[in-house]
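First the structure, in the form of structure tokens, and then the observations on it.
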Amino acid sequence: MERPHVPKITHILRTYHGPSCEPELDGHKIRPLVGQHPREKTIQLTFSHFKGFKTARLSVENWVPILNDPAKRKRLEHELKDLLTPKVTQHLPLSMQFPADHGSISKWVSDRASEALILCVHTRDAATFVGLIILADDPEPTAIPTFHLGYFLGEKYWGKGYATELVAGLVAVFETGPRIRLVAGVDRSNAASARVLKKSGFKRLPEQSTADRDIYEIVVPSIDLT
């Protein structure tokens with residue numbers, strides 16, 4: 001089986017929220033920003049090197065090793081097919097929708113692997129598949145390295161604090177590395193997701209928010225130690 005493409009992460013997280021965080025990338029490819037940012041050499045975080053993290057109830061790992069193992073990939077594809085219900089995917093962009101006729105889940109996985117870093121979320125004992133985190137390179141140069149964040153969780157994990165635990169855990173991971181900016185967009189109608197961000201330390205950006213959508217950000221670490 002062909003090894004999945006592993007692009008570099010060089011730049012913010014825009015969190016795409018809801019029971020599924022909705023990515024705003026709508027079909028355009030994520031471009032590696034090789035050579036475009038003066039601090040790039042200090043943030044050489046690649047998909048293959050990002051191992052993941054654990055929280056009290058969750059275990060999060062890079063899916064590249066899973067995709068490189070045919071048996072594990074087959075199991076993941078089966079789990080994803082069950083998890084990607086209409087309610088889970090309703091807020092995702094067209095480029096990430098899973099066909100209603102349950103077309104090729106393998107192609108869906110390969111397409112996601114070519115666009116971004118994907119992290120698999122399981123229960124802490126790794127027995128149950130919970131969802132995915134999507135980390136995509138921001139296509140525009142910014143003063144502070146920037147990533148876009150997306151995630152979605154299975155319906156049975158909604159309303160139980162898993163989203164807050166997941167986002168807070170991710171923020172904690174970036175607290176220990178080079179300074180970066182994480183950005184999140186939330187529909188005004190999605191108050192629960194806004195609360196998730198606020199609990200994790202994100203602040204609303206009034207100048208970038210609109211009548212329909214609020215934009216939040218957090219810079220981590222909060223103190224620049226470089």
Checklist outcome for this item: Residue span Gln90 to Trp158: 0.36 nm per residue of separation minus Cα-Cα distance leaves a gain in nm of 23.0 nm
Next on the checklist: Can you compute the FRET efficiency between Ala56 and Lys199 using 1/(1 + (r/R0)^6), with r the Cβ-Cβ distance and R0 = 25 Å? Round to the nearest 0.05.
Outcome noted: 0.95
Checklist entry - When the chain is fully extended, how far beyond the present Cα-Cα distance does Asp111 get from Asn68, taking 0.36 nm per residue of separation? => result 14.0 nm
Checklist entry - Size of the range 120-226 along its principal axes in angstrom, Cα-based, largest extent first? => result 41, 36, 25
Item to check | Inter-probe distance in nm under a simple model that places probes 7 Å from Cα toward Cβ, at Ala172 and Arg213 | outcome: 3.0
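Read-outs throughout are calculated quantities, based only on the coordinates presented, and are distinct from any laboratory measurement. Since the structure is predicted, the reported quantities are computational estimates derived from the model, not experimental observations. Backbone-built Cβ (ideal geometry, glycine too); neighbour counts: all protein chains shown.
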